Amino acid sequence: MKVVLVGLPYFTKRLQKELSAFDPENTYTNLDTYYSRKDKVRAVFQIPRADCVMSINGTVVKSKVFDIAFKKNVPLIINWAGSDVMKSLDAYRIGNFQQHYIDKAFHFCEAEWIQEELKEMNIDAEIVYFAISEGKVDLKPVTSEQFTILSYIPDRRTDFYGLPTLIRMAEQFPEIRFLVAGSDESVLEEGTVMPENMEMLGWVNNMPEVFQQAHACMRFTEHDGLSNIIREALSHGKQVLYKYPFKHCIHCPDESVLADQIKALKMRFENGEDLTNAEGAQFIHETFQRDKVLSNLIKKIKAVVEKS
């Protein structure tokens, strides 16, 4: 079986290496058709010879890669990631979509809310994981004596990833320490004053050390797929304040609920309660274990090939 992986390069490169090592009987090729001219040319020749194409990132708007697969009758799996759903819904609502992408592709996703959003486009996606846990983490005591909340905000689209909300929470709870990984003060808009209880760490090379400083993690993005940072936070035994409903996370659908849940966690901390989320860590270890994820993914890919 020959499988061509396309889509978001960060995920496809890693997945290609994992699948190739785990399943040497089959061939997995990664093509960066977003940024590599060479791979765009390779796609023209390699996709017709493939047994399946899997894209980690979806669209209902015209795609050259998808068109090659359909023209050559190569089955296509679209693995919806997050923001791609928002863009496709916007296009769908104004009638700018390819109906055969919806009808003829096989659709996967990793999160139940993504599954629900896709139904507006009459897409019935199956939940199939491709992300892998790095293994069971030794849960260590938090080093910070002050109640600490960690967030990850990349240095682009900071509003989308929730920086304004984070600043408001830091202002509302000056007695709580807020850590921000992924960006530094240079991303702040002119005139924005960073709260004294907030530290922007920039790019972090050793996230386990940062996780050890935090009692909880917060993610309040405008939209999200099943983020890696959520899985990492749970694997490190953190309480997770999340805008979306996910197992062993504290669901915070709006800022009012978020503030209430932060206050509740702070009270538990002040009462001397151990906030270690051992159940969440065990869930991640069991659900996203390498062999389990990869064997199931290969099983699903083979089923698609057999149906086509």
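The values are calculated or read from the model by the stated rules, or taken from the named source; none is laboratory data. Quick caveat: nothing in here was measured; it's all calculated off a predicted structure. Cβ coordinates were reconstructed from backbone atoms using ideal geometry, including for glycine residues, and neighbour counts include every protein chain displayed. Calculation scope for accessible area: heavy atoms of the full protein, side chains included, ligands and nucleic acids excluded. Shrake-Rupley method; radii C 1.70, N 1.55, O 1.52, S 1.80 Å.
Points worth noting:
- Within the accessible area of the range 188-303 (1.4 Å probe), percent carbon and sulfur: 47
- Using θ = phi - 60° and Karplus 6.51 cos²θ - 1.76 cosθ + 1.60, couplings along the range 221-226 (whole Hz; Gly, Pro as x): 7, 4, 8, 7, x, 7
- In order along the range 53-62, phi translates into HN-Hα couplings of 10, 10, 9, 8, 1, x, 7, 10, 8, 3 Hz, rounded to whole numbers, per the Karplus curve 6.51 cos²θ - 1.76 cosθ + 1.60 with θ = phi - 60° and x for Gly and Pro.
- Centre separation in Å (Cα based) which lies between the range 105-163 and the range 272-288: 16
- Computed with a 1.4 Å probe over protein heavy atoms only, the accessible surface of the chain comes to 50 Å² per residue.
- Long hydrophobic helices in the chain: the complete DSSP H runs spanning 18 Å or more by Cα along their own axis with mean Kyte-Doolittle hydropathy of at least -0.5 are 255-270, 290-307.
- Of (i) 35; (ii) 54; (iii) 22, the label for percent of Cα pairs over 37 Å apart derived from the coordinates: (iii)
- Isotropically averaged projected area of the range 180-307, using the convex hull of Cα atoms (one quarter of hull area), nm²: 10.8
- The range 1-130: proportion of alpha-carbon pairs further apart than 22 angstrom, %: 33
- For the range 60-184, fraction of C-alpha pairs farther apart than 17 Å, in %: 70
- Contact order, relative form, for the chain: 15 percent (alpha carbon pairs under 8 Å, 6 or more residues apart, mean separation divided by residue count).
- Scalar couplings 3J(HN,Hα) for the range 120-129, obtained by applying the Karplus form with A = 6.51, B = -1.76, C = 1.60 to θ = phi - 60°, are 4, 9, 6, 9, 9, 8, 9, 7, 9, 7 Hz; x denotes Gly and Pro.
- When peptides 136-148, 221-233 are sorted by average Cβ neighbour count within 10 Å, with the highest value leading, the order is 221-233, 136-148.
- Across the range 83-232, C-alpha contacts under 8 Å between residues 6 or more apart give a mean separation that, scaled by the residue count, equals a relative contact order of 25 percent.
- Cross-link pairs Lys40/Lys247; Lys40/Lys299; Lys238/Lys307; Lys72/Lys302 - those with Cα-Cα distance over 30 Å: Lys40/Lys247; Lys238/Lys307
- The range 200-260 shape via C-alpha gyration tensor axes, a/c threshold 1.5: prolate
- Share of carbon and sulfur in the accessible heavy-atom surface of the range 1-147 [1.4 Å probe, %]: 50
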